[in-house]
Each structure stands twice: as C-alpha cells, then as structure tokens.
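Structure, as structure tokens:
The values are calculated or read from the model by the stated rules, or taken from the named source; none is laboratory data. Since the structure is predicted, the reported quantities are computational estimates derived from the model, not experimental observations. Don't worry about glycine lacking a Cβ; one is built from the backbone with ideal geometry, like all the others, and counts go over all protein chains shown. Side chains included, ligands, DNA and RNA excluded: accessible areas come from the protein's heavy atoms. Shrake-Rupley method; radii C 1.70, N 1.55, O 1.52, S 1.80 Å.
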Amino acid sequence: MTLKIYLSGEIHTDWRDQIIQGAAGMDVAFSAPVTDHDASDDCGVAIMGAEPDKFWHDNKGANLNAIRTRHGIQNADVVVVRFGEKYKQWNAAFDAGYAAALGKSLIVIHGPEHQHPLKEVDAAALAVVQEPQQVIDILSYVLNGTLPGR
C-alpha cells in the first residue's frame, strides 16, 4: 500500500527532510509546495509579467502556487500540515481546511503555543503531534502496524 503524502506548511525549518529521511524504506511517496520562499512569492510576475500593485503581484503568485497545491492535496492519501513558531501560516490553515473538506487524512504538527488558535484545525485532524518524528511513527504504524521501540 503506497501512501501518497503531501507535506504542507512552514518552510523555514527542515521538518520535511526529517520526515522524508525517517520514512526511508517505507512505501510512501512525498510531494510538497515550492519551498523556495522567493520563487513562491515571485513566480507569477516572473512568468506572467510585472505588476505595479503588490496585491496583483501576490495574486498572480498565489494562483500559480494553487495549481501545485490543489493537485498535491487532491491526490494525497495523507496531508501533513506543520505550523511553525515564528510566522502565522495562513496558507497552512487554508491547506488544512481544504484537505479536511476533501475528506483527506490530516496530520497537524505544531507546538503547545498554537493549541488554542488552531483548535478548529486540530479538531479536523486525525492526529495532532509536536514533532516530525511522531509523523514518522504514525506512518510506520499505519503501513506496518509497528509501534516505536518494538
């Protein structure tokens, strides 16, 4: 059973790499948004032309990024969304809601400081964890029925 996993959310740490490396040897296939912040912000104007108004600059980029994001979430079996400590990730909350609306299995990662502001997102998730290792342990259990340390 190959699980297709979409890794959404915070782009300022290596959490995706930790999960991908930790899942080596498991029957999984990962996809993710573009994590180069500048490329993600500027893709619309770089491809379709400059915009003097920042709203339209951002709108072009958001629309192009949505092509990849929608495809990734729609085709995923499991969507993992990480909320980082430093920035408010409105896009991550949107991705979590979109995944929930599509009935995707949702795993949310965040620290205790986000417990209250993300209570509705957490309520839609099948698992809420604090560390990438816990996602790896979930994948191992789902795919192989094995618990950590056994």
Is it the case that Gly61 is within 21 Å of Asp17 (Cβ to Cβ) and open to solvent by less than 20 Å² (accessible area, probe 1.4 Å)? no
How many residues are farther than 20 Å from Asn65 by Cβ and outside any helix (DSSP H, G or I) when one looks only at segment 1-50? 11
Report yes if Phe83 is under 12 Å from the mean Cα position of the chain (by Cα), farther than 26 Å from Thr2 by Cβ, of a type in the set (A, V, I, L, M, F, W, C) and open to solvent by less than 20 Å² (accessible area, probe 1.4 Å), otherwise no. yes
Residue check: is Val45 closer than 25 Å to Ile136 by Cβ and either among the β-branched types (Val, Ile, Thr) or touching a residue at least 12 places away in the same chain (Cβ under 8 Å) (or both)? no
Tabulated pairs, segment 20-40, first in contact (Cβ under 8 Å) with a residue 12 or more places away in the chain, second open to solvent by 70 Å² or more (accessible area, probe 1.4 Å) and part of a loop (DSSP other than H, G, I, E, B), C-beta under 9 angstrom, 6+ apart or interchain: Asp27/Met1; Asp27/Thr2; Val28/Thr2; Ala29/Thr2; His37/His12
Can you tell me which residues in segment 90-111 are open to solvent by less than 60 Å² (accessible area, probe 1.4 Å), under 10 Å from the mean Cα position of the chain (by Cα) and not aliphatic (A, V, I, L, M)? Asp95
State whether the residues of segment 26-42 include one that is open to solvent by 80 Å² or more (accessible area, probe 1.4 Å), over 23 Å from Ala124 (Cα atoms) and of a type in the set (Val, Ile, Thr). no
